[in-house]
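Some notes on the structure that comes next.
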Ligand SMILES: *Cc1c(COP(=O)(O)O)cnc(C)c1O
């Protein structure tokens with residue numbers, strides 16, 4: 001037997017160590033013991049592999065590090081200076097202060113979520129948002145679910161199970177994060193019938209694919225890529241016309257979904273929800289946390305007969321929205337009703353921010369870094385599966401390499417390691433920070449981060 005094992009402390013010895021006092025007082029005792037056991041087991045394996053026995057101090061430090069991590073959850077706010085406005089990895093759309101504030105009272109107390117206060121009886125959670133969505137989109141009815149992927153799955157399951165859905169081959173796409181139209185179709189029990197070719201689909205292709213088993217024609221907005229060159233897709237109006245001639249409805253997965261005209265801001269046109277509804281489709285599906293600028297949710301608007309079918313489907317319960325996000329969604333949609341989107345909704349504030357304002361802020365950021373930084377032209381991406389070809393002009397703060405070992409990656413890591421991390425991007429070995437994806441209210445935190453970075457850059461190594 002390896003003599004190193006004899007130096008290993010006992011469980012009780014570690015558990016009652018004075019440096020673990022705060023955990024002895026406030027943590028579940030069994031949990032503390034469990035973590036200590038795991039660490040001692042790890043030490044035992046390490047000794048078996050020929051390593052020396054760790055000291056009790058080392059074991060205690062490891063245990064307290066692990067215990068502390070359990071109560072300091074990793075999920076926290078970051079400052080997005082990376083220049084992609086809707087970044088799924090960074091939580092997509094930040095909420096307006098009104099939307100963020102709307103969640104707290106509903107979370108902390110009971111609410112009339114499914115209770116009619118006037119009649120004193122059971123009601124539906126959908127009443128809180130249905131009228132607003134119908135007013136904004138012109139649709140007859142609406143339904144809100146967990147996210148857009150869930151909405152599309154619910155729609156196909158309720159309307160097309162064991163039937164066929166006709167989709168253009170150029171639209172049988174993958175959105176990323178494993179949302180693939182063919183897979184969602186299969187999961188719903190619908191059979192995907194692809195028509196046309198990768199680059200060209202015509203109205204006649206849809207017409208010829210219709211059989212007695214066809215449940216719907218479907219348009220999917222290819223929101224994260226663009227096909228250029230010899231390309232033809234059928235307009236939504238034409239698809240609806242084919243559907244009407246054959247008594248078949250059209251489903252429209254818009255992806256981002258947008259209520260405002262993006263071309264006003266120099267962006268590519270993003271299909272608008274109102275246009276989809278006006279074209280006469282049966283159901284339109286879109287996300288609440290892409291260009292709508294609200295919390296994660298899937299919004300479905302369209303004809304009442306279909307919405308009613310979806311509401312009654314068993315999956316509707318499995319994918320329903322929770323009260324907290326419902327409160328944030330209503331508060332976000334109120335900004336559209338009041339026509340205050342570019343003042344209130346962060347994503348639209350960023351899109352609408354004038355370039356000279358961005359330039360002024362970039363200059364302020366760069367000045368902190370003196371000779372280490374310059375301001376240059378750049379582009380902000382909207383991202384989040386919207387506007388694949390659309391970027392906004394911006395002014396970037398470009399930070400030069402530091403002395404010695406300060407690579408752009410190292411500088412970038414320093415900014416990310418702050419209590420409120422600042423996330424930039426490294427391009428061609430240069431660290432770039434984009435003020436357009438940062439709200440002006442966050443500038444002080446950025447300036448603080450840049451001051452510390454300047455200190456590091458000045459140090460000779
Ligand atoms: C983003 C997207 C989805 C998925 O939406 P989630 O909100 O991520 O569930 C589905 N379809 C399209 C076309 C999309 O762009």
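The values are calculated or read from the model by the stated rules, or taken from the named source; none is laboratory data. What you are looking at is a predicted structure, and each value in this text was computed from that prediction instead of being measured. Cβ sites come from the backbone with ideal geometry, for glycine too, and all protein chains shown count toward neighbours.
Observations on the model:
- Residue match in segment 187-202 (condition: surrounded by fewer than 16 Cβ atoms within 10 Å (Cβ to Cβ) and more than 24 Å from residue 235 (Cβ to Cβ)): yes
- Residues satisfying the stated conditions in segment 130-167, i.e. more than 10 Å from the ligand (Cβ to nearest atom), touching a strand residue (DSSP E or B) at 6+ places or on another chain (Cβ under 6 Å) and in a strand (DSSP E or B): 142, 143, 144, 164, 165, 166, 167
- Which listed residue, of 180, 186, is at pLDDT below 95, within 22 Å of residue 314 (Cα to Cα) and within 16 Å of the ligand (Cβ to nearest atom): 186
Yes or no, residue by residue, for (1) over 23 Å from residue 390 (Cβ atoms); (2) more than 16 Å from the ligand (Cβ to nearest atom); (3) outside the structural domain of residue 130 (by TED's automatic domain parsing); (4) at pLDDT 95 or above:
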residue	(1), (2), (3), (4)
225	no, no, no, no
230	no, yes, no, no
245	yes, yes, no, yes
253	no, no, no, yes
275	no, no, no, yes
278	no, yes, no, yes
289	no, no, no, yes
299	no, no, no, yes
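Residue-wise test of (1) free of Cβ contacts under 8 Å to residues at least 12 places away in the same chain; (2) away from the ligand (no atom under 16 Å from the Cβ).
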{"position": "201", "(1), (2)": "no, yes"}
{"position": "236", "(1), (2)": "no, no"}
{"position": "249", "(1), (2)": "no, yes"}
{"position": "263", "(1), (2)": "yes, yes"}
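- Options 76, 101; residue that is part of a loop (DSSP other than H, G, I, E, B) and either surrounded by fewer than 19 Cβ atoms within 10 Å (Cβ to Cβ) or not assigned by TED's automatic domain parsing to the domain that holds residue 33 (or both): 76
Results for (1) within 14 Å of residue 134 (Cβ to Cβ); (2) crowded, with 17+ Cβ neighbours inside 10 Å; (3) out of contact with any helix residue (DSSP H, G or I) (no Cβ under 6 Å at 6 or more places or on another chain), shown as yes or no for each residue.
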site: 279; (1), (2), (3): no, yes, no
site: 283; (1), (2), (3): yes, yes, no
site: 293; (1), (2), (3): no, yes, no
site: 322; (1), (2), (3): no, no, yes
site: 336; (1), (2), (3): yes, yes, no
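- Selection status of residue 120, outside the structural domain of residue 358 (by TED's automatic domain parsing) and out of contact with any helix residue (DSSP H, G or I) (no Cβ under 9 Å at 6 or more places or on another chain): yes
- Of the criteria (1) more than 25 Å from residue 266 (Cβ to Cβ); (2) at pLDDT 95 or above, which one residue 394 fails: (1)
- Cross-chain or 6+ apart pairs with Cβ under 7 Å, segment 416-432 first and closer than 18 Å to residue 372 by Cα, then surrounded by fewer than 13 Cβ atoms within 10 Å (Cβ to Cβ): 426/409
- Only one entry of 121, 101 meets the criterion of being in contact with a strand residue (DSSP E or B) (Cβ under 8 Å, 6 or more places away or on another chain), away from the ligand (no atom under 16 Å from the Cβ), at pLDDT 95 or above and on the phi < 0 side of the Ramachandran plot, and that entry is 121.
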